[in-house]
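Novice: Have a look at this one.
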Amino acid sequence: MSEDVLAIDKQAQAWTFTLNRPDKRNALSAGLVEALIESLDAAHAQHIPLLVFQGAGKNFSAGFDFTGYEEQSEGDLLLRMVRIETLLQRVAGSPALTVALAHGRNFGAGVDLFAACKLRYCSPDAAFRMPGLKFGLVLGTRRFRDIVGAAQALSILGEARAFDARQAEHMGFVTQIAAQTEWPGLLRQAADTATALDPATRAALYGVLDTGNNDADMAALVRSAARPGLKARIRKYLED
């Protein structure tokens, strides 16, 4: 695992994962995605009750890293997207209490990572946009719908429309708007919540509350990304 792209603060009851590619606005490179999956598996193996996700620099995450996509095959790009969905499923199905802290402008798979967490806090300047459907990609759609409802999801995703922190809070996508100076206090509260139940009971509760359909989500992603012309669709999206 590259220590450069992901910084991890490991405490006895909480691990904090900091996406550490500020020069790339914490875009999800293949290396960063694999580092997150590996680290999540390690945290789960050690029964860490609280997992926190945040971004270094100006934002949480700009989503899929398109750097060098022209040199990658469509099969390579499909595999990267499958690994992102694998990461999202790991986070959404985590037996730990997962908390996301977002600031700045966030896009695509970065917003999906935020959405996969159980508690989602953002600073007043945060903004979100999920443009994947612009290049034919169905990723994180069901999770977003489960949070905001079908009508809101249709409106926002159908137009690839951006929304700000206030709108996100109003539709329940954000748990609470809070200045970054307030985040430590929110994390202390989250730590109390995470340790209120024993690990087995906490995992059972989260399992019952989980409404996801991992196989269907993965199938929808693969069908959308495997359609011929993925690179051309990405190129058109980036040029528009």
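Novice: Pull up all non-local amide H partners of PHE107: gap of 5 or more, or a different chain, and H-to-H distance under 5 Å with H placed in the peptide plane.
Specialist: SER61, ALA62, GLY63, ARG129
Novice: In whole Hz and in residue order, list the ³J(HN,Hα) couplings for segment 104-114 that follow from phi through the Karplus curve 6.51 cos²θ - 1.76 cosθ + 1.60, θ = phi - 60°; x for Gly and Pro.
Specialist: For segment 104-114, the Karplus curve yields x, 8, 10, 9, x, 4, x, 5, 4, 5, 4 Hz.
Novice: Something else about it: Label GLN13 and ARG145 with points 7 Å out from Cα along Cα→Cβ: what is the distance between them in nm?
Specialist: 3.8
Novice: Sorted by average packing, counted as other Cβ atoms within 10 angstrom per residue and highest first, what order do 70-82, 100-112, 23-35 take?
Specialist: Taking the mean over residues of other Cβ atoms within 10 Å, the ranking is 100-112, 23-35, 70-82.
Novice: A further question follows. Multiply the residue separation of LEU154 and ASP125 by 0.36 nm, subtract the distance between their alpha-carbon atoms, and state the gained length in nm to one decimal.
Specialist: Details: separation 29, 0.36 × 29 = 10.44 nm, distance 2.43 nm.
So the extension gain works out to 8.0 nm.
Novice: Kindly provide the helix-only [θ] at 222 nm of the chain, computed as the sum of -39,500 (n - 2.57) over DSSP H runs of four or more divided by all residues, to the nearest 500 deg cm²/dmol?
Specialist: Values: 10 runs with 113 residues, N = 240.
For the chain, the value works out to -14500 deg cm²/dmol.
Novice: Could you grab the relative contact order for segment 1-137? Cα pairs under 8 Å, six or more apart, rounded to a whole percent.
Specialist: Computed over segment 1-137, the figure is 24 percent.
Novice: Starting from the Cα coordinates of segment 4-113, work out the convex hull volume and express it per residue in Å³.
Specialist: Details: hull volume 9.9 nm³, N = 110.
So the per-residue Cα hull volume is 90 Å³.
Novice: Any idea how far apart LEU238 and ASN214 come out in nm if each label point goes 7 Å out from Cα toward Cβ?
Specialist: 3.2
Quick note: the coordinates plus some simple rules give every number you see, no bench work behind them. Just so we're clear, the structure is a prediction, and the values are computed from it rather than from any experiment. Positions of Cβ are generated from backbone atoms using ideal geometry, with glycine treated the same way; all protein chains shown enter the neighbour counts.
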